[in-house]
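Chemist: Before anything else, here's the structure in question.
The values are calculated or read from the model by the stated rules, or taken from the named source; none is laboratory data. Not measured: the values here are computed from a predicted model. FYI the Cβ positions are ideal-geometry reconstructions off the backbone, even for glycines, and counts take in every protein chain you see. These area figures cover heavy atoms from the full protein model, side chains too; ligands, DNA and RNA do not enter into them. Shrake-Rupley method; radii C 1.70, N 1.55, O 1.52, S 1.80 Å.
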Amino acid sequence: MNHRINARGMEYRQLNEMIRGLIKEARSKGDKKAKIILENVLGQRYIGDGLDGDDVITIYGVPGNDLAAFMDGPTVEVHGNAQDGIGNTMNAGRVIVHGDSGDIAGYSMRGGEIYIRGNTGYRCGIHMKSYLEKIPVIVIGGSTGNFLGEYMAGGIIILLGLHNRQPGFFPGGQIRQNGQVRQAAGSFIGTGMHGGTIYVRGDIEEHKLGKEVKKVKPGREDIDILS
């Protein structure tokens, strides 16, 4: 059964209390997978924070900061853009954004997956880490700002730079901006990085890399991971 909440003008604490209430009600009825649809979301913070289980939250609008922070299992799908800090310290689950996201997506992420169709801001994947079988993954369809994977200690970031279907954009990780072609990642990539892997579709100029990392061509194992 789908539960719908019209979040227009709703204060974020009230909205999150309603979400938790619906999940609790579903559990009391033996339903291990509550399906909640949020409509007219605009800036409400902390949606999905700390939730566990297999619940599915579908969002229409723009959720606020720290979407799915500390989340441990559910799926959150955003039909729109998302603000800063999505998946902050997330342990398991999946976040899907059919638009752009702000800064520090996947901050200290420990597990789960984040898929962003469009672009991200600065410091995406900062402090990502993995442990045993938990390998966090971030897939970015578009471009990202400076300090991608800063202090990264584990996990996988995949940067696709897929803008060739939009006017003024080109494949291969290059984007035309103000008449100039720039690459799909900013500077200081992997600064302080000591674990994990960043895959980039296209090329990255050497001067954009942190001193701790270097470019290598993907091997068979890498291709299998990407597939």
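Chemist: How big, in percent, is the set of alpha carbon pairs in segment 45-96 lying more than 13 Å apart?
Modeler: Here the long-distance tail beyond 13 Å is 46 percent of all Cα pairs in segment 45-96.
Chemist: Highest mean first, how do 68-81, 101-114, 33-46 rank when packing is the count of other Cβ atoms within 10 Å averaged over residues?
Modeler: In decreasing order of mean packing, 68-81, 101-114, 33-46 become 101-114, 68-81, 33-46.
Chemist: Still on this structure, please answer the following. Among DSSP beta bridges lying fully in segment 14-140, give the percent that are antiparallel, nearest 5.
Modeler: 5
Chemist: Going by alpha carbons, how many degrees (0 to 90, nearest 10) lie between the helix axis of 12-28 and the longest principal axis of the chain?
Modeler: Taking Cα atoms only, the helix is inclined about 70 degrees.
Chemist: Counting DSSP beta bridges in the chain, what percent are antiparallel, to the nearest 5?
Modeler: Among the beta bridges of the chain, antiparallel pairing accounts for roughly 10 percent.
Chemist: Measure off, as a whole percent, the carbon and sulfur share of the 1.4 Å-probe accessible area of segment 38-103, all protein chains present.
Modeler: With neighbouring chains kept in place, the figure for segment 38-103 is 41 percent.
Chemist: How many angstrom separate the Cα center of segment 63-125 from the Cα center of segment 209-227?
Modeler: Centre-to-centre (Cα) distance: 23 Å.
Chemist: LYS208 versus GLU25, label points 7 Å from Cα toward the beta carbon: distance in nm?
Modeler: 4.9
Chemist: By its C-alpha gyration tensor, with a ≥ b ≥ c as the square roots of the eigenvalues, how is segment 78-121 shaped: rounded for a/c under 1.5, else prolate for a/b larger than b/c, else oblate?
Modeler: oblate
Chemist: Still on this structure, please answer the following. Ignoring ligands, DNA and RNA, what accessible area per residue does the chain give at 1.4 Å, in Å²?
Modeler: Using a 1.4 Å probe on heavy atoms only, each residue of the chain averages 51 Å².
Chemist: If you place +1 on the Cβ of every Lys and Arg and -1 on the Cβ of every Asp and Glu, how big does the dipole about the Cα centre of the chain come out, in debye to the nearest 20?
Modeler: That gives the chain a dipole magnitude of about 240 debye.
Chemist: Related question: Specify, per residue and in Å³, the volume enclosed by the convex hull of the alpha carbon atoms belonging to the chain.
Modeler: 125
Chemist: Pairs on different chains or at least eight residues apart, Cα atoms closer than 21 Å: how many lysine pairs in the chain fit?
Modeler: For the chain, the number of qualifying lysine pairs is 7.
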